[in-house]
Amino acid sequence: MVIDEAVEKKEIIARYRRLLRLAKPVLKEGDAKLIKRAFTIAMEAHKNMRRKSGEPYIFHPLSVAEICIEEIGLGTTSIVAALLHDVVEDTDIELADIERIFDKKVVRIVDGLTKIRGVFEYGSSAQAENFRKMLFTLSEDVRVILIKLADRLHNMRTLDSMPRNKQLRVSNETIYLYAPLAHRLGLNAIKTELEDLYLRFTDYNSYRNIANKIDETRTSRNRFIKHFVQPVKDEIDQLKIGYEIKSRPKSIYSIFMKMKKQNIPFEEVYDLFAVRIILDAPLEHEKSFCWQVYSIVTDYYTPNPDRLRDWISTPKGNGYESLHTTVMAKNGQWVEVQIRTKRMDEIAEKGYAAHWKYKDNTSKYESNLEKWLMRVRETLEKQDMSALEFVDDFRGNLFNEEVFVFTPKGELKTIPNGATALDFAFEIHTDIGAKCIGAKVNQKLVPINHVLKNGDQIEILTSAKQKPNEDWLRFVSSPKAKSKIKDLLKEDRRKVAEEGKEILISKMRQFKIEVDGNVSERLRDYFNVSSQLELLFKIGKGIITVNDLKRFVEYKPTTPVKKQTAEAPDVKDIEQKIKTKHEEDTLLIGEDMDVVDYKLAKCCSPIPGDDVFGFVTVSEGIKIHRTNCPNAPELLANHGNRVIKAKWTSQHELSFLTGLRVIGTDRVGLINDVSKVISEELKVNMSSLAFNTDHGIFNGEIMLYVNDTRHLEMLISKLEKVEGVVQVSRFDKITEKFA
Ligand code: MN
């Protein structure tokens, strides 16, 4: 590539000027100077560096700073920190240099960003550990996380120039952690873009198909919306307030998820878009104006009573406020209408930073966020949690939407969606939870696993004789209750183990054996338990009896017991090994794209032609997953170092197991015709067929062997031609009956 330095220099200056222009509204005296200094330092420091795309490196910090202003609404301190976010790690500049020029806040943020850099670049627990560190900085300065999100967003936008395995790893981390984090901080626009980019880089075909269909349907959609809003518009005009009506289709990713979850084609996603009415209401009249507009909308269109959501009276935990209703349009189509004010809209799109702007007036939402930060901090301070457990727990907190319930005295409590009476008991107090035997919900007696709904009033019933057991873990969904129950069970186990220890020592004494480390290890091997605690617990419980111990003493192993290591083999080792192996096969694995042994993952049953990756497992060698496997995000985000490239080469006449779901109207002989197509016409080997009919609807699940995706597509189109068949689709998971 020929680089014209003069042209490049011009472009850098142009981008810097644009940054200043965008920042202008928030700049105070002296701020422009600070930004200029940060820019000069960054430009000088990154002078000889280029990004993978070939662009000058400085484009990256400039873009990150721009995202901070434009899409998050941050101010000068963050702009400066964003410009400097990569210098300490990548260049000769040290934190002390920055300290000499900028104030403490900037230094702390840059330091935080430097420390959480390389998050997930290493082994699994190190990745989680780093993530924990990153969240720890939340309690110091949330801007570190916000700038990190801006950094991630720009990296995702420019992911095209990265090698394939890096694209997969970065995308999966993004969907696993960064998108939920953006969601929890209320950064809806960023969350949506991250999700769409994830889909683009992991399942390009699905992404493209949906994007095209959104484009194709745009004209007719706009026409529909115009008709829909016209009568409402005329009425709102009478209110004499400023307003705006917008309509945006759902994100590509959320359409994709909906199609997948409900197993429906694009055409059947009924809520492709929502109509949003944004009012210019003064703060003190926000609520009443929103309800007035609600009343206008529902005067014209019948609302679905189950779909009214009032997040104005009780905003979501991430600060989201809006009034949602779903109404029936004149053509019989359901349309979601969102009613909110300009202020609410800005918070909905930009999230946390927008809160600051309205801080004085919205103290109650501010306190919700404060509460969340406190909860994160609390979890962080729990020392005995492993980093991986922690990430799980944190994600649990992220994904749950809340339900609002009341104590008998009328106190409002927020619990995760799906929480039970037992969750609620633990929410009140650990002792109440531990002794919970049931509850009265709205005066009615319910069991401890009763799921609570918005507005329920709950009185917990306790008994001094009650004790937690393993089953309880299935009865709760809140991370708090889960970890409390685990603690209680652990405590209980420890007590039993204490008794077990006494039994063991006294029995062994009878055999004149002293229980030292060596004996303990042999005991663990003999009884095949994973830890000392488990061994002692089993003795204490009487699962390992005195007679068993006697047998152990008499047992003489013929060969020394081999130690088992549960370490996953290193990717490099395997890549080395495969170089010497040359078998004919269809899958190429590793950087050198060699042939090696593998197993196909059961969770997504890949077949030749699928986009796949290899994953080095602890005990079963390399497993091949589809890149859109439901387990991929978790695997790639937590164990990025165990992922290896994999690619199908020429397609052989091999057979691969996959699943097809056939839906149609039931008629005599339909099953016969379906299996005929499969076995006779296509010479496909069917491994199982399960079907049921319900009110005249035929629903069949077929497991069969095919050669590749082309073969599968051909089969699907043949099946679709069978009389009575309405829909044929591939499914990923092998359900219980086939496993
Ligand atoms: Mn960066």
May I ask you to list pairs of residues, at least six apart or on different chains, whose Cβ atoms are under 7 Å apart, with the first in the range 467-478 being under 12 Å from Ile448 (Cα atoms) and modelled with pLDDT of 85 or more and the second being polar (S, T, N, Q) and surrounded by 11 or more Cβ atoms within 10 Å (Cβ to Cβ)? Phe475/Thr420; Phe475/Asn449; Val476/Thr420
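Quick one: is Asn442 on the phi > 0 side of the Ramachandran plot and touching a strand residue (DSSP E or B) at 6+ places or on another chain (Cβ under 7 Å)?
On the way: on the phi > 0 side of the Ramachandran plot: yes; touching a strand residue (DSSP E or B) at 6+ places or on another chain (Cβ under 7 Å): yes.
Judged against the criteria, Asn442 is a match.
Is one or more of the residues making up the range 228-247 of a type in the set (Lys, Arg), exposed (fewer than 12 other Cβ atoms within 10 Å of the Cβ) and not in a helix (DSSP H, G or I)?
Checked the range 228-247: at least one residue is of a type in the set (Lys, Arg), exposed (fewer than 12 other Cβ atoms within 10 Å of the Cβ) and not in a helix (DSSP H, G or I).
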Have a look at Lys105, Lys47 and point out the one that is closer than 25 Å to Glu346 by Cβ, free of Cβ contacts under 8 Å to residues at least 40 places away in the same chain and outside the structural domain of Arg343 (by TED's automatic domain parsing). Lys105
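Please pick out the residue among Ala32, Ala38, Ala81 that is of a type in the set (Gly, Ala, Ser), assigned by TED's automatic domain parsing to the domain that holds Arg143, away from the ligand (no atom under 13 Å from the Cβ) and touching a residue at least 24 places away in the same chain (Cβ under 8 Å). Full working, then the answer.
Numbers: Ala32 fails: touching a residue at least 24 places away in the same chain (Cβ under 8 Å); Ala81 fails: away from the ligand (no atom under 13 Å from the Cβ).
So the residue among Ala32, Ala38, Ala81 that is of a type in the set (Gly, Ala, Ser), assigned by TED's automatic domain parsing to the domain that holds Arg143, away from the ligand (no atom under 13 Å from the Cβ) and touching a residue at least 24 places away in the same chain (Cβ under 8 Å) is Ala38.
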Do we find that Tyr178 is within 15 Å of the ligand (Cβ to nearest atom) and either over 21 Å from the mean Cα position of the chain (by Cα) or of a type outside the set (Asp, Glu) (or both) in this structure? yes
Mind checking whether some residue in the range 151-162 is at pLDDT 85 or above, more than 19 Å from Gly640 (Cα to Cα), within 16 Å of the ligand (Cβ to nearest atom) and of a type in the set (Asp, Glu)? yes
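Looking only at helices (runs of 4 or more DSSP H) that lie completely in the range 460-527, which have at least 3 residues being touching a Phe, Trp or Tyr at 6+ places or on another chain (Cβ under 9 Å)?
Of the helices (runs of 4 or more DSSP H) lying wholly inside the range 460-527, those with at least 3 residues that are touching a Phe, Trp or Tyr at 6+ places or on another chain (Cβ under 9 Å) span 479-510, 517-527.
Can you tell me how many residues within the range 708-729 are over 35 Å from the mean Cα position of the chain (by Cα) and in contact (Cβ under 8 Å) with a residue 12 or more places away in the chain? First the steps, then the outcome.
So the first thing to find is which residues in the range 708-729 are over 35 Å from the mean Cα position of the chain (by Cα), and the list is 718-719, 721-725.
Then keep just the ones that are in contact (Cβ under 8 Å) with a residue 12 or more places away in the chain; that gives 718-719, 722-725.
Looking only at that region, the number is 6.
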So for the range 299-311 (the condition being closer than 14 Å to Lys342 by Cα, surrounded by 18 or more Cβ atoms within 10 Å (Cβ to Cβ) and of a type in the set (Phe, Trp, Tyr)), does at least one residue qualify? no
Considering only residues that are touching a helix residue (DSSP H, G or I) at 6+ places or on another chain (Cβ under 6 Å), among the small types (Gly, Ala, Ser) and closer than 30 Å to Arg164 by Cα, look in the range 1-54 and name the one that is surrounded by the most Cβ atoms within 10 Å (Cβ to Cβ). Ala42
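The values are calculated or read from the model by the stated rules, or taken from the named source; none is laboratory data. Computed from a prediction, not measured in an experiment: that's the story for all the values here. Positions of Cβ are generated from backbone atoms using ideal geometry, with glycine treated the same way; all protein chains shown enter the neighbour counts.
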